[in-house]
1. For segment 23-80, report the translational diffusion coefficient in µm²/s to the nearest whole number, using Stokes-Einstein at 20 °C, 1.002 mPa s, and a Kirkwood Rh over Cα pairs.
2. Would you mind pulling out the separation of the Cα centroids of segment 114-153 and segment 9-56, in Å?
3. Of the heavy-atom accessible surface of segment 1-150 (probe 1.4 angstrom), what whole percent is carbon and sulfur?
4. Restricting the count to DSSP beta bridges whose residues both fall in the chain, what percent are antiparallel, rounded to a multiple of 5?
5. Total Lys pairs in the chain closer than 25 Å by alpha-carbon, pairs eight or more apart in sequence or interchain only?
6. For the chain, what is the calculated [θ] at 222 nm in deg cm²/dmol (nearest 500), taking -39500 (n - 2.57) for each run of four or more DSSP H residues and dividing by its residue count?
7. Using a Gaussian network model of the chain with C-alpha springs under 10 Å, which one of L169, L44, L30 is most mobile by mean-square fluctuation?
8. Out of (1) 32, 18, 13; (2) 41, 17, 13; (3) 39, 16, 14, which label holds the value of semi-axes √(5λ) of the Cα gyration tensor in Å that was computed here?
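The values are calculated or read from the model by the stated rules, or taken from the named source; none is laboratory data. A quick note: this is a predicted structure, and the numbers were derived from the prediction, not measured. Quick reminder, even Gly has a Cβ in these numbers, built from the backbone with ideal geometry, and neighbours come from all protein chains shown. Heads up: the accessible areas ignore ligands, DNA and RNA and are worked out on the full protein's heavy atoms, side chains in. Shrake-Rupley method; radii C 1.70, N 1.55, O 1.52, S 1.80 Å.
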Amino acid sequence: AKRVPIKHIELRTADGGVLDDAWLARTRALSKGISLVELELEKLRQKLLADGQLVSASLTRVFPDKLIVQVAERSPVARIKVATEGVAQTMLVARDGVVYQGFNYEPAMLETLPWLAGFSLKPDGAGFKPIPEMDVVAELLARGQYEAPHLYRDWRVVSLDRLALDRELEVTTRTGACAVFTAK
C-alpha cells in the first residue's frame with residue numbers, strides 16, 4: 001500500500017453543493033505519486049476547510065488507491081465588495097456570517113443576492129471574522145424571498161448600520177425606495 005499512488009479521488013457533495021473536481025484539484029495540492037498511507041488526512045482536511053465555502057469535510061481512504069472526499073457547503077445569502085491589495089472583488093456571505101470567495105455558483109443566482117452595507121470586516125488570518133448577527137439578516141432575507149418574492153426581487157442593498165443600536169435593518173430597492181424592518 002505504501003507504494004501504490006492515489007489513482008482515484010472522488011468528491012461527494014451534500015445536496016445543493018456546487019463544488020466539483022476542478023475545485024478539488026485546485027484546492028488539495030497533493031504531491032504527485034503520493035500513496036494513501038503517506039497522506040496526512042487531518043492536514044488535508046484543514047486545508048479544505050480553510051475555504052470558507054465548506055462547513056464540513058471528511059476524507060476516507062479506500063485501499064489500495066482511492067480517496068473519498070465528502071463535503072458540505074455553505075449557501076450564500078448576500079454579497080459584499082472587498083478591497084484586497086487595492087483590487088475590489090465580490091465575496092459572498094453565508095447565514096452564519098462567514099465571508100468567502102465562492103466557486104461554481106451560477107452568475108444569474110448570484111445576481112439575485114442583495115449587497116450588504118453598514119458593517120466593518122475584521123481580518124482573521126488569511127480571511128475575515130464572521131459578520132456579527134448575520135442570522136438576523138439571513139432571516140429577513142429568507143422571509144422576504146419566500147413570503148414576498150415580488151418585493152424581494154427588487155431588494156438591492158441591506159444595511160446593518162442600525163442593527164446594533166436600534167435593532168433595525170434598512171433595505172434599499174433597485175428604484176431607490178427605502179424600507180426599515182425591525183430585527184424582531
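1. Stokes-Einstein gives a translational diffusion coefficient of 170 µm²/s.
2. 27
3. Of all accessible area on segment 1-150, carbon and sulfur atoms account for 51 percent.
4. Counting DSSP beta bridges with both partners in the chain, the antiparallel share is about 75 percent.
5. Close lysine pairs under the 25 Å cut-off: 20.
6. After summing the helix terms and dividing by the residues of the chain, the value is -6000 deg cm²/dmol.
7. L30
8. It is the value labelled (3).
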